[in-house]
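To start, the structure itself, in structure tokens.
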Amino acid sequence: MGEWMAIALWQHCAEFAKPGVVFEIRNADGQSLLTPCVQPLPAQPFDWKSPAKEFRAVPELPPERSSPIPAPKN
């Protein structure tokens with residue numbers, strides 16, 4: 001994983017972007033979210049009480065497959 005960087009540097013996230021990498025954004029309360037490099041910074045989730053503080057590059061996790069939907073019972 002990459003080093004934490006101040007959120008003020010988010011405008012430069014494209015310099016760190018590459019296939020298989022996303023960014024973890026963290027606030028002062030330790031809450032985090034994953035996002036690709038987008039401008040402007042994504043809106044913070046509704047339950048965040050403090051603004052984004054820092055970010056780092058992290059490997060993108062492979063998608064998880066869900067179980068098939070069961071057939072209806074008639």
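The values are calculated or read from the model by the stated rules, or taken from the named source; none is laboratory data. Given the structure is predicted, the values throughout are model-derived calculations rather than measurements. So basically every Cβ, Gly included, is an ideal-geometry build from the backbone, and we count neighbours across all protein chains shown.
Residue-level check: of (1) among the charged types (D, E, K, R); (2) touching a residue at least 40 places away in the same chain (Cβ under 8 Å); (3) in a loop (DSSP other than H, G, I, E, B), Lys73 misses just (2). Among the residues of the range 60-67, is there at least one that is assigned to a loop (DSSP other than H, G, I, E, B), at pLDDT below 90, over 14 Å from the mean Cα position of the chain (by Cα) and among the hydroxyl-bearing types (Ser, Thr, Tyr)? Among the residues of the range 60-67, at least one is assigned to a loop (DSSP other than H, G, I, E, B), at pLDDT below 90, over 14 Å from the mean Cα position of the chain (by Cα) and among the hydroxyl-bearing types (Ser, Thr, Tyr), which makes the answer yes. For the range 1-30, residues that are of a type in the set (A, V, I, L, M, F, W, C), part of a loop (DSSP other than H, G, I, E, B), within 25 Å of Pro63 (Cα to Cα) and modelled with pLDDT of 90 or more total 1.
Listed conditions (1) in contact with a Leu (Cβ under 7 Å, 6 or more places away or on another chain); (2) surrounded by 12 or more Cβ atoms within 10 Å (Cβ to Cβ) are all met by Pro45, apart from (2).
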